[in-house]
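*Asks:* Take this structure first; my questions come after.
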Amino acid sequence: FQLLGLYVKGSIIDRSLADWIESFFFGISYPDDRIWCNLTVCLAGDMKASAEAAVSAGILASESRAYGPGISKIIVTFVTDALKKREQGWTVKNIIDEYPVENNIPKVPGFNRPMITGDERISMLERRRIELDIKKGPHLTLLYDIEDFLAPYHEYINAGGYLSALLTDNGFGYPELHEMLMVTSTIAGLLACYSDKINKEPDSFYPLKCEDVDYVGVEPFSLTL
C-alpha cells in the first residue's frame, strides 16, 4: 500500500497511513454476490469469462454515485469545500442548507448508506486510526460536527466520508488522488465471487427465468376508474 500510494501521489506515504488504507480495503471489499459489482463478476464467471475480463467489468460496475470508489470525487469535493466555508465563518447549518432535502432529510455526500442507517465500519476505522497514531485533522473534525447536526435525521458518517476526510487531512488534497487510490478497493471481493463461480456448472448462478415461476395468486382483473 506504500507502493500504491507512491504511484498515485508521487511520494512515499507513511507506513501507518498505508496500514490504515489496507484496513479500509478489508472493510469495503465484501465477497457478497448481491452487491452490484460482485453480481457482474458472478455473471462473468458463470459465462466462463477470463479473470481479467470479469474483474475489469466488476471495477467498472463499482463506478457509482451511490457506493464504491466512484463516489470518491463527490465526497472529497464536499469535504474540502465545507472546510473552506467553515473557515470563512459559515455555521454547520449554513453548509448543510446548501444541499438538497429529500423526505425532509438533508442529502449530504459522505453520510449514511443506501440500504442501512449508520455504517458499522466506522468504529473499526476509528479504532485503527487511533492504534496507528494517525492525526484527526480539521476535515475529519468537521465531518463529526456535521454528523452531530444530522443525528436527529438519523444521518451518520459512512466509510466513504470518513476515508475522504482522513486522507485529505493526510496529504491527499485532490479529488482525483482519492479516486485513483480507491479504484481497485473492491478487488478482493470481486475475485472471491469470481473464484466461487468459475468452476461451477454454467447457468448455475441465478438460473431461474420468468417462465420457471408458477404464479398461484389472484387472477388478473380489470381496473375501472
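*Asks:* With n ≥ 4 as the cut-off for DSSP H runs, can you work out [θ] at 222 nm for the chain, using -39500 (n - 2.57) per run divided by the number of residues, rounded to the nearest 500?
*Replies:* -16000 deg cm²/dmol
*Asks:* Roughly what angle does helix 15-28 make with the longest principal axis of the chain, taking Cα atoms, 0 to 90 degrees, to the nearest 10?
*Replies:* 30 degrees
*Asks:* Students often check this: by mean Cβ neighbours within 10 Å, which of 3-9, 129-135, 139-145 ranks highest, and how do the rest follow?
*Replies:* 139-145, 3-9, 129-135
*Asks:* Full-extension gain between I12 and S123, please, as 0.36 nm times their residue separation minus the C-alpha to C-alpha distance.
*Replies:* Computed gain between I12 and S123 is 37.2 nm.
*Asks:* Here's a follow-up. On the Cα set of the range 26-86, report Rg and Dmax in Å, please.
*Replies:* Cα radius of gyration and Dmax of the range 26-86 are 15.2, 52 Å respectively.
*Asks:* Order 34-45, 65-76 from most to least packed using the mean count of other Cβ atoms within 10 Å.
*Replies:* Answer by packing, highest mean first, reads 34-45, 65-76.
*Asks:* While we're here: Would you mind putting 211-217, 180-186, 49-55 in packing order, based on average other-beta-carbon counts within 10 Å, highest first?
*Replies:* Ranked from most to least packed, the peptides come out as 180-186, 49-55, 211-217.
*Asks:* Return the long-range amide H neighbours of I157 (sequence gap of 5 or more, or a different chain), with a cut-off of under 5 Å between placed amide H atoms.
*Replies:* Sorted by chain and number, the residues that satisfy this are N112.
*Asks:* Let me ask something else. Counting every Cα pair in the range 114-209, what percent are over 15 Å apart?
*Replies:* Every Cα pair in the range 114-209 considered, those over 15 Å come to 72 percent.
*Asks:* Label L208 and N94 with points 7 Å out from Cα along Cα→Cβ: what is the distance between them in nm?
*Replies:* 5.4 nm
*Asks:* With Cβ to Cβ distances under 15 Å as the rule, what net charge do the other residues near Y156 carry (K, R +1; D, E -1)?
*Replies:* -4
*Asks:* Oh, and also: Put a dot 7 Å past each Cα toward the Cβ at R34 and Y215; how far apart are the dots in nm?
*Replies:* Going from the Y215 label point to the R34 one covers 2.5 nm.
*Asks:* Then there is this: Treat the chain as a sphere of radius equal to its Kirkwood radius over Cα pairs and apply Stokes-Einstein at 20 °C in a medium of 1.002 mPa s; give the translational diffusion coefficient in µm²/s, rounded to a whole number.
*Replies:* Calculated translational D: 109 µm²/s.
*Asks:* In Å, what is the Rg of the alpha-carbon atoms in the range 160-225, and how long is Dmax?
*Replies:* 23.5, 64
*Asks:* Could you check how many percent of all C-alpha pairs in the range 63-119 are farther apart than 15 Å?
*Replies:* It works out to 55 percent of all Cα pairs.
*Asks:* Another question about this same structure. What is the distance in Å between the Cα centres of the range 169-201 and the range 1-61?
*Replies:* 2 Å
*Asks:* Also: What are the lysines whose alpha-carbon lies under 19 Å from the alpha-carbon of K84, with same-chain residues fewer than 8 places away excluded?
*Replies:* K73, K93, K136
*Asks:* A further question on this structure: Enumerate the whole-percent occupancy of each 5 Å bin, from 0 to the last occupied one, for all C-alpha pair distances of the range 89-157.
*Replies:* 3, 15, 24, 25, 16, 11, 5, 1
*Asks:* Still on this structure, please answer the following. How long is the gain from S222 to K200 if the chain were fully straight, where each residue apart is worth 0.36 nm and the alpha carbon distance is subtracted?
*Replies:* Contour length minus the Cα-Cα distance gives 3.4 nm.
No value in this document is a laboratory result; all are computed from the given coordinates. In this text, all values refer to a predicted model and were calculated from it rather than measured experimentally. Cβ atoms come from the backbone with ideal geometry, glycine included; neighbour counts cover every protein chain shown.
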